[in-house]
Amino acid sequence: MFYISSSVTGRESVAGGGVCCLVWFVTASDIQRRVAAIWRIESASLVAGLAGTLRDVGLAEEFAQDALVAALEQWPTSGIPDRPGAWLMVVAKRRAVDHFRRQQRQANYLDELGHALLREGAEAEPAPSDELVQDDLLRLMFTACHPVLPAPARVALTLRTLGGLRTEEIARAFLVSESTIAQRIVRAKRTIANKGVPFEVPGSRELAGRLSAVLEVVYLIFNEGYAATAGQDWTRPALVEDALRLGRMLAELLPKEPEVHGLIALLEIQASRIRARTGASGEPVLLMDQDRSRWDQLLIRRGLAALERAVALSGTLGPYSIQAAIAACHARARTAAATDWARIVALYGALARIQPSPVIELNRAVAVSMASGARAGLELVDALAASGALDDYHLLPSVRGDLLNKLGRYAEARVEFARAAELTHNGAEQALLRERAARAAESSAEQ
């Protein structure tokens with residue numbers, strides 16, 4: 001497990017006097033921060049390169065962590081090397097050699113790998129080619145996101161191996177215990193080993209199906225950051241950043257896959273709103289009430305460019321590209337009133353045809369209500385409610401309450417908002433819904 005302990009910089013010393021001691025303290029602390037930054041940048045390539053050689057993700061991560069510990073021990077005194085990634089790789093491979101020696105196995109592998117490595121120092125380690133690094137990263141991504149693993153395990157393993165996050169960081173992000181995340185990661189590695197999951201990019205025949213699993217993991221990570229499912233925070237920007245980094249990495253690794261660009265387009269455009277989604281006290285701010293001057297225009301431009309690339313690569317838009325096109329409608333509208341709701345209705349209709357889902361139908365109902373009035377939207381929502389498909393989904397009564405409120409049916413709206421508040425596990429959203437229920441009750445009393 002990777003920790004950056006304050007104990008190194010907190011150690012007392014009287015040698016050299018107080019001023020000299022203070023200088024050492026600041027320098028060591030600065031190096032630790034740089035080590036943390038280097039780890040975030042290099043960890044995915046390091047684990048991917050080791051896994052490509054060892055064919056074992058668990059061992060690769062273990063030796064990468066050993067190299068990190070060595071860096072934390074040595075760099076405060078020796079300084080950070082010119083090529084820290086190469087230094088870490090050499091140390092990690094040496095740990096691998098030591099491991100195989102102790103276990104007295106894989107002798108042939110040791111002859112091929114170990115002898116050459118033992119003759120080389122960190123500065124002599126040749127930098128791997130960009131193509132080799134990209135291949136290793138892609139293999140690791142497809143391994144960590146393999147469909148043989150349940151979705152929570154894929155998310156945890158991806159954030160650990162490719163995101164460079166510690167177990168405690170992943171646990172904090174998803175509001176579960178460290179032991180739960182640690183167990184997911186351990187079981188995921190064990191499953192990969194037991195099932196003989198190959199460390200490779202699937203062939204062209206399997207790529208589409210396997211790629212969807214990879215895209216789903218990145219999307220799940222983003223969604224948890226964009227609209228947290230539990231806890232007191234409405235958003236978790238750190239997870240949004242992790243998903244963006246993984247999505248951008250995937251777009252570089254698979255530049256000819258249209259849905260990869262569709263996904264990153266969706267993430268960039270949605271992420272542009274993250275600052276506007278909360279108020280001064282952290283309270284939720286809904287889309288129609290957001291200050292659009294706070295939307296990040298750079299992210300919007302990046303997203304629109306990625307969407308254009310997805311369209312250029314494929315004549316037919318896939319589900320992520322369609323969602324990106326919906327997000328683009330909002331991004332292009334200077335005001336909420338200027339939104340092209342008719343186009344959004346049509347896009348949701350296209351999305352529902354290729355990816356039928358009651359959640360998509362609920363979103364289409366909202367778009368219909370904006371384009372054709374609350375009554376038209378309510379008819380669609382009532383049909384969904386009657387089907388029972390979204391009985392435990394808090395956004396169904398939330399949307400229904402909003403439409404009833406617009407129609408002046410305040411007493412009914414209050415019941416729906418209260419029901420939605422009971423169903424959500426997010427504290428900030430719960431407070432918002434209870435406030436809306438209270439306002440609906442006041443309006444009902446005034447009727």
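Coordinate-derived values only; no laboratory data. The structure displayed is predicted, hence computed values, not measured ones. Cβ: placed from backbone, ideal geometry, glycine included. Neighbour counts: every protein chain shown.
Counting Lys and Arg as +1 and Asp and Glu as -1 over every other residue whose Cβ lies under 15 Å from the Cβ of residue 439, the net charge comes to -3. Ignoring aspartates and glutamates fewer than eight residues from residue 93 along the same chain, the ones with Cα atoms less than 14 angstrom from its Cα are 56, 61, 62, 66, 111, 112, 120, 125. Compared with the alpha-carbon gap, the fully stretched path from residue 336 to residue 382 is longer by 14.0 nm at 0.36 nm per residue.
Evaluated with a Cβ-only charge set (Lys, Arg +1; Asp, Glu -1), segment 130-197 carries a dipole of roughly 460 debye about its Cα centre, given to the nearest 20.
Here segment 328-388 was treated as a single set of alpha-carbon atoms; its pair distances binned every 10 Å from 0 give 24, 50, 23, 3 percent. When each of 416, 446, 308, 61 is scored by the number of other beta-carbon atoms lying within 10 Å, the sequence from fewest to most is 446, 308, 61, 416. Would you compute the Debye intensity of the chain from its alpha-carbon atoms alone, equal scatterers and no solvent, and pass along log10 I(q)/I(0) at q = 0.07, 0.12 Å⁻¹ to two decimals? With one equal scatterer per Cα and no solvent, log10 I(q)/I(0) is -0.44, -1.09. Taken over the C-alpha atoms, segment 130-197 has Rg and Dmax values of 12.2, 38 angstrom.
Based on the inverse mean of 1/r over its pairs of different Cα atoms, what is the Kirkwood hydrodynamic radius of segment 355-396, in Å? Provide the component values of the computation, followed by the final result.
Working: mean 1/r = 0.0981 Å⁻¹.
Roughly 10.2 Å, rounded to one decimal.
Put in order of Cβ neighbour count within 10 Å, fewest first, the listed residues 99, 425, 261 become 425, 99, 261. Assign one of three labels to segment 178-233, namely rounded, prolate or oblate, based on the Cα gyration tensor with a ≥ b ≥ c the square roots of its eigenvalues; rounded applies when a/c is under 1.5, prolate when it is not and a/b is larger than b/c, and oblate otherwise. Taking the square roots of the gyration eigenvalues as a ≥ b ≥ c, segment 178-233 is oblate. Once C-alpha pairs closer than 8 Å and six or more residues apart are averaged by separation and normalised to the residue number of the chain, the relative contact order reads 10 percent. In order along segment 187-192, the phi-based Karplus estimate (6.51 cos²θ - 1.76 cosθ + 1.60, θ = phi - 60°) of 3J(HN,Hα) comes to 5, 4, 4, 5, 4, 4 Hz; Gly and Pro are listed as x. Residue 175 label point, 7 Å along Cα→Cβ, cut-off 11 Å on backbone N: hits in segment 406-429? Under 11 Å, as judged by backbone N against the label point of residue 175, lie 424-429 of segment 406-429. Counting only DSSP H runs of at least 4 residues, each contributing -39500 (n - 2.57), and dividing by the residue count of the chain, the helix-based mean residue ellipticity at 222 nm comes to -24000 deg cm²/dmol.
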